[in-house]
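What follows is a set of notes on a single structure, which appears directly below.
The values are calculated or read from the model by the stated rules, or taken from the named source; none is laboratory data. For clarity, every value in this text was computed on a predicted model and none was experimentally measured. Cβ coordinates were reconstructed from backbone atoms using ideal geometry, including for glycine residues, and neighbour counts include every protein chain displayed. Please note that ligands, DNA and RNA were not included when accessible areas were found on the heavy atoms of the full protein model with its side chains. Shrake-Rupley method; radii C 1.70, N 1.55, O 1.52, S 1.80 Å.
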Amino acid sequence: MLPDNPARAALAEEAARGVPVLPRLRLLYTAEALAAPVPQQALDLNEELEALCAALRESVLCRTGWLYFAPTADTVPLAVPRSLLQAAVLCWIEGVMTAPERRAVLHLETTAHAAVLVLRGGTGRSLPADTRALLLRLAAVCGGAVVQSGGTGPFTAALRLPLRPALPLRSAPRPEDLLTDRYSVLQIFLPGFCAGPNE
């Protein structure tokens with residue numbers, strides 16, 4: 001946990017005493033992700049999603065093949081906060097996991113000036129309340145746009161995210177880093193769906 005954040009420090013003290021903190025940690029993480037400023041380094045969306053999907057396939061208790069990621073062959077530099085990207089994708093994944101058909105598809109393509117990320121899976125009814133706000137903020141923070149399906153039927157979101165090739169690239173996380181921390185973003189957003197770090 002981050003020592004310079006009083007709310008995180010208080011949660012860390014409670015966790016050390018054995019008090020369950022994941023629900024409140026999720027609220028805090030979501031609030032921080034929504035308020036995160038535009039970073040000075042770019043993320044490679046390909047690498048970020050590869051790492052996150054690898055960790056999900058390893059950790060989520062679901063049938064093989066439930067998650068499909070179609071990457072692009074290019075580097076995809078985006079000026080978006082990692083916490084916001086992870087929160088948006090994992091909030092949507094929680095909606096997939098609570099839908100009747102557990103099937104998630106992420107498809108990434110690039111044009112000359114933008115990446116297009118399509119998320120398909122879950123239903124409007126199964127989405128957690130924060131999902132749409134997180135996806136809207138993910139697009140808005142880098143000057144992009146998002147179109148989301150409405151209603152209670154199958155859910156699809158398409159995000160157009162402008163590329164920032166002039167920014168230095170930040171290294172992507174390793175999947176194992178997301179699997180060995182009991183307070184990792186996977187455990188925060190998918191409690192009950194992910195194996196614990198000692199399992």
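Annotations
- Within segment 33-107, trypsin sites (Lys or Arg not before Pro) in DSSP loop having at most 11 other beta-carbon neighbours inside 10 Å: R63
- Order by protection proxy (mean Cβ within 10 Å, highest first), peptides 25-32, 145-152: 25-32, 145-152
- Relative contact order, percent, the chain [alpha-carbon distance under 8 Å, six or more residues apart]: 25 percent
- Amide H contacts for V76 (H built 1.01 Å from N in the peptide plane; partners 5 or more residues away or on another chain; cut-off under 5 Å): L45, N46, E47.
- Sum of -39500 (n - 2.57) over DSSP H runs of 4+, divided by residues of the chain (222 nm, nearest 500): -11500 deg cm²/dmol
- Most to least packed among 123-133, 167-177 [average Cβ atoms within 10 Å]: 123-133, 167-177
- Linear extension gain, T111 paired with A31, 0.36 nm per residue minus alpha-carbon span: 25.7 nm
- Radius 13 Å from Cβ of S171, net charge of other residues (Lys, Arg +1; Asp, Glu -1): -2
- Using heavy atoms of the protein chains and a probe of 1.4 Å, the accessible area assigned to C62 is about 40 Å².
- For T64, the shell of other residues with beta-carbons less than 13 Å away shows a net charge of +3, using +1 for Lys and Arg and -1 for Asp and Glu.
- Protection proxy ranking for 85-94, 184-193, using the average of other Cβ atoms within 10 Å per residue and placing the highest first: 85-94, 184-193.
- Cut-off 20 Å (backbone N to label point 7 Å along Cα→Cβ of R17), residues of segment 165-195: 183
- Using the Cβ-Cβ distance between V38 and E101 with R0 = 30 Å, the FRET efficiency computed as 1/(1 + (r/R0)^6) comes to roughly 0.25.
- Approximate spin-label separation A10-D177, in nm, with each point projected 7 Å along Cα-to-Cβ: 2.8 nm
- When the Cα positions of L90, T75, A140 are compared along the charge dipole of segment 41-157, L90 comes out farthest toward the positive end, with charges on each C-beta of Lys, Arg, Asp and Glu.
- For Cα extents along the principal axes in Å, the value computed from the atomic coordinates appears in the list [x] 52, 40, 29; [y] 93, 31, 29; [z] 95, 30, 24 under label [x].
- Net charge of Cβ neighbours under 13 Å - reference G150; Lys, Arg +1; Asp, Glu -1: +2
- Within segment 58-99: backbone nitrogen closer than 19 Å to the T152 label point (7 Å, Cα to C-beta): 95-99
- V76 accessible area, assembled protein chains, probe 1.4 Å, Å²: 0 Å²
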